[in-house]
Amino acid sequence: MEESRDHLSPWMPWVEGHDEQSTRDFLARSEAKWASGEVFTYAVVPDGTPVGMCQTYRWDGSAGWRLGYWLHPAAAGRGIATRATAALVAEMFALPHVAYLEITHDLANTASSAVPRRLGFTEVRREPAPPPAAPSGVGVDVVWRLDRPAPSAP
């Protein structure tokens, strides 16, 4: 995380105040939220080296969940975020109560559109970004959605 600060801070406002204690607090909250089924957080660890995380959380009180991810800059551009997100999509659709998944990113963060595009998500809307705004963002979130696949015919 510390090595990724400059790479992430333009798009993720929480990075600015991040420190070791923030990580400890995040991990403690993550365990409790996992246990409650509210949030599922995974380390991204290709080849045994941690390079980021991906997470899904209940979104709108219905059967929708949001996905998020970040990577160390040395891991970017190698398909790792796409593979990690694809694995998370498969896990989430294995749960019976998940009807759809969404990924959001600031309109100005065009690189972030690659993952949902590659995974078959469809852009469904653009909406005002919730505060705090990303320093490099324009304050408009692009929302991508992937509906649960229809069951296969026998």
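The values are calculated or read from the model by the stated rules, or taken from the named source; none is laboratory data. These numbers were taken from a predicted model, which means no experiment stands behind them. Glycine also receives a Cβ, built like all others from the backbone with ideal geometry; neighbour counts cover every protein chain displayed. Please note that ligands, DNA and RNA were not included when accessible areas were found on the heavy atoms of the full protein model with its side chains. Shrake-Rupley method; radii C 1.70, N 1.55, O 1.52, S 1.80 Å.
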Starting from the stretch 116-127, take each residue that is surrounded by 12 or more Cβ atoms within 10 Å (Cβ to Cβ) and list its partners that are of a type in the set (S, T, N, Q), counting only C-beta distances under 6 angstrom and pairs at least six apart or across chains.
-> 118/82
Quick one: which of 32, 74 is over 25 Å from residue 128 (Cα atoms), modelled with pLDDT of 90 or more and more than 14 Å from the chain's Cα centre (by Cα)?
-> 32
Here are some residues: 152, 62, 136, 112. Which one is among the polar types (S, T, N, Q), over 26 Å from residue 23 (Cβ atoms) and open to solvent by less than 70 Å² (accessible area, probe 1.4 Å)?
-> 62
Which of the following residues is more than 18 Å from residue 104 (Cα to Cα), among the β-branched types (Val, Ile, Thr) and either at pLDDT 90 or above or open to solvent by less than 20 Å² (accessible area, probe 1.4 Å) (or both): 89, 45, 39, 51?
-> 45
